[in-house]
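One structure is given below, encoded as C-alpha cells.
The values are calculated or read from the model by the stated rules, or taken from the named source; none is laboratory data. Just so it is clear, the model here is predicted, and its values are computed rather than measured. No Cβ is skipped: glycine too gets one built from the backbone with ideal geometry, and neighbour counts run over all protein chains shown.
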Amino acid sequence: MSLETQPERTRLAWGRTALSLLIVGALFLRWAPTAGPLVLAPVVVSAAFAFAISTAQRKRYTTQTLERENADRAVASIILTTAGVAVLAIFALIAVATI
C-alpha cells in the first residue's frame, strides 16, 4: 500500500462510519409503532453525528495537503464518533428496557 492512497482510504473509512451511524439510527424506527415519537430522538441524533462527521471530513480532505507530515490526526472527529456511538448505545439500552 502506498502513502499516496492513505488519505483516500481514510476518507472512505470515515464515510463508512457516517453511513453506519445513519443505518443504526434508522434501526430505531422499527420501534415507532410502540414507542411513538420518542423513537425519533436517536434517529435525529445519529443523523446529526453523521452529518458532522461527513462535513468535517469533506473540509479536512479538500483543504489538507496529502503529505503525511501535515496530516490532521482527526482527534475531534474520533471524539465525536465515540460520543455518537455512546449516545446511541444509551438510547438502545433505554429502548430495550422500556419496550
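Here's a check for you: in the range 20-41, which residue that is closer than 15 Å to residue 80 by Cα and in contact with a helix residue (DSSP H, G or I) (Cβ under 7 Å, 6 or more places away or on another chain) is surrounded by the fewest Cβ atoms within 10 Å (Cβ to Cβ)? Among those residues, the one meeting the criterion is 22. Report, ordered by the first and then the second residue, all pairs with beta carbons closer than 6 Å, sequence separation of six or more or different chains, a first member in the range 47-66 that is surrounded by 13 or more Cβ atoms within 10 Å (Cβ to Cβ) and hydroxyl-bearing (Ser, Thr, Tyr), and a second member that is modelled with pLDDT under 85 and not in a loop (DSSP other than H, G, I, E, B). What qualifies is 61/11.
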